[in-house]
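Every number here is computed from the coordinates shown, using simple stated rules; none is lab data. Remember, it's a predicted structure, so these values are computed and weren't measured experimentally. With ideal geometry, Cβ positions are generated from the backbone for all residues, glycine too; neighbour counts draw on all protein chains shown.
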Amino acid sequence: MMDLSYIINILGEDEGGDVNPVSPPIYQTSNYYFRTVEQFRKAITNERDNWIYSRGNNPTINLLCRKIAALEGAEDALVFASGMAAISTAVLANVKSGDHIVCVQNPYSWTETLLNRNILPKFGIEVSMVDAADTSALIDAVKPNTSIIYLESPNSWTFELQDLNAIGQFAEEHGIMTIIDNSYSTPLYQQPISLGIDLVVHTASKYLGGHSDCVAGVCCGSKSMIDKIFLNEFLTLGGIMAPFNAWLILRGLRTLPVRMERTSRTTEAIISFLAKHPKVKMLFYPHHCSHPQHELAFRQMKKGSGVFTIQTVTEDVDKIERFCNSLTYWRMAVSWGGFESLVIPSCTFVRPGLYTGLPINLIRFSVGLEEPESLINDLEKCMQFL
Ligand SMILES: *Cc1c(COP(=O)(O)O)cnc(C)c1O
């Protein structure tokens, strides 16, 4: 049995050569040479298992794939130039024209663009967006031509969950592919494959990398599915990760457990502070008792991570702006899951026609690795503006 420390520090790292570096080399190469035509001819019939060209295999990339698969408890994994490259590739690999997809309401914005706005509708693929906190609503939306159930548990604004075990079981009985975006929980806090989900995708730009210096994505699943994706969509669409970025993610993984532990603990302290604050109308955090699905959260997720949202009592955008503009440690930016604490108010982008599902008085927080006291004091100081 591989434990976490083995996967992160040892798996795949001691293979070949007499140099024995503790940090793996970056194979900055596009292609690999052969000494004879015979070897070349043999290799070229099997792109999956040979070093031919780095749009397919690269040793630095493959080392990361092995660790990511092991962390998710998956047979295999592929890594991509971005989370969206991983998501697009995983989805495109499992639909054809005329199919139907059931997707959770309010997924990541670009996932919605892929499924429901600019890309799949062009190919005659229909999508139903459902409130999948209610498993029966999701099941009711399934049609005879449903090929994918797309999940995000929780999503990263309002943190609704789906019952992964129940949905995984239903989908298996009906031969429907399940895909989940597991970015929020990381493989440390939620392992969807063990709950019966087929494909797990992540943005590695968030917690897996953890240092806000790299955009990357991953996709994990069975060996047969990952082989199929590799030989078709992966090699064809070509959304590969650069070897240097793979090295950055490998470095990020070394500290993933300590970063997650720190961010969870700090977040609990911040949540306790905010939950009883009179300027906070509502808190969105799966592991807080005010969350309608917190029992499910404790059942299928080991812990909560460091992203949550508040709804302020005030709907006055000027006040929300003043609060956000006055913070010192919490910087204002998109993304989350890095070393640095961030806020993003929904009033930056809520306007008619876009994200209409979200109220204007939400503020999302991503808790970084700073001293908890500094973060809480900063919030305390600025709450007066709300
Ligand atoms: C950021 C994000 C993505 C997209 O990842 P990129 O690496 O930015 O392409 C997908 N899903 C979730 C939940 C995200 O937060």
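Below, the figures for the structure above:
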| item | result |
| --- | --- |
| The chain: angle of helix 59-72 to the longest principal axis, Cα-based, in degrees nearest 10 | 50 |
| For segment 146-216, radius of gyration divided by Kirkwood radius, i.e. Rg to Rh on alpha-carbons | 1.01 |
| Most fluctuating residue given options Ile61, Ile360, Ile119, as computed from a GNM of the chain linking Cα atoms under 10 Å | Ile119 |
| Cα lying deepest toward the dipole's positive end in segment 256-385, options Val280, Gly368, Ser264, charges on Cβ | Ser264 |
| J(HN,Hα) series, segment 38-55, from Karplus relation 6.51 cos²θ - 1.76 cosθ + 1.60, nearest Hz, glycine and proline x | 4, 5, 4, 4, 5, 5, 5, 7, 9, 4, 5, 10, 10, 8, 10, 8, 6, 6 |
| Label zone at Thr113 (point 7 Å along Cα-to-Cβ), backbone N below 17 Å, segment 205-220 | 205, 215-217 |
| Cα long-axis angle, helix 164-173 against the chain (0 to 90 degrees, to the nearest 10) | 40 |
| Distance cut-off 20 Å, percentage of C-alpha pairs in segment 1-159 lying past it | 65 |
| Using alpha-carbon coordinates, inclination of helix 317-326 to the longest axis of the chain, degrees | 70 |
| Mean shadow area of the chain, taken as a quarter of the surface of its Cα convex hull (nm²) | 20.4 |
| Positive-end residue of Ile125, Leu161, Val19, charge dipole of segment 4-254 with Cβ unit charges | Val19 |
| Dipole moment magnitude, nearest 20 debye, the chain about Cα centre, only Lys, Arg, Asp, Glu C-beta charged | 600 |
| Diffusion constant of segment 307-386 at 4 °C, which comes from Stokes-Einstein with the Kirkwood Cα-pair radius and 1.567 mPa s, µm²/s | 100 |
| Dipole moment magnitude, nearest 20 debye, segment 178-303 about Cα centre, only Lys, Arg, Asp, Glu C-beta charged | 540 |
| Gyration tensor (alpha-carbon) shape descriptor, segment 165-251, a/c threshold 1.5 | oblate |
| Estimated inter-spin distance, Arg299 and Met2, nm [label 7 Å along Cα→Cβ] | 3.0 |
| Rel. contact order, % - alpha carbon contacts under 8 angstrom, at least six apart, the chain | 16 |
| Proportion of all alpha-carbon pairs of segment 232-363 beyond 26 Å (%) | 38 |
| Entries in Lys122/Lys303; Lys143/Lys206; Lys206/Lys319; Lys276/Lys319; Lys122/Lys302; Lys67/Lys303 that, when Cα-Cα distance is taken, lie over 31 Å | Lys122/Lys303; Lys143/Lys206; Lys122/Lys302 |
| Spacing of the two label points (7 Å from each Cα toward its C-beta) at Gln39 and Asp134, in nm | 6.3 |
| Asn232/Ile10 FRET efficiency (R0 25 Å; Cβ-Cβ; nearest 0.05) | 0.15 |
| Asp49-Asn20 pseudo-label distance in nm [points 7 Å out on the Cα-to-Cβ vector] | 3.1 |
| Residue among Glu38, Glu315, Glu72 with the largest mean-square fluctuation in a Gaussian network model of the chain, springs linking Cα atoms under 10 Å | Glu38 |
| Fewest-first sequence of Val130, Val218 by Cβ atoms within 10 Å of each Cβ | Val130, Val218 |
| GNM flexibility winner over the chain from Val350, Val95, Val37 (Cα, springs under 10 Å) | Val37 |
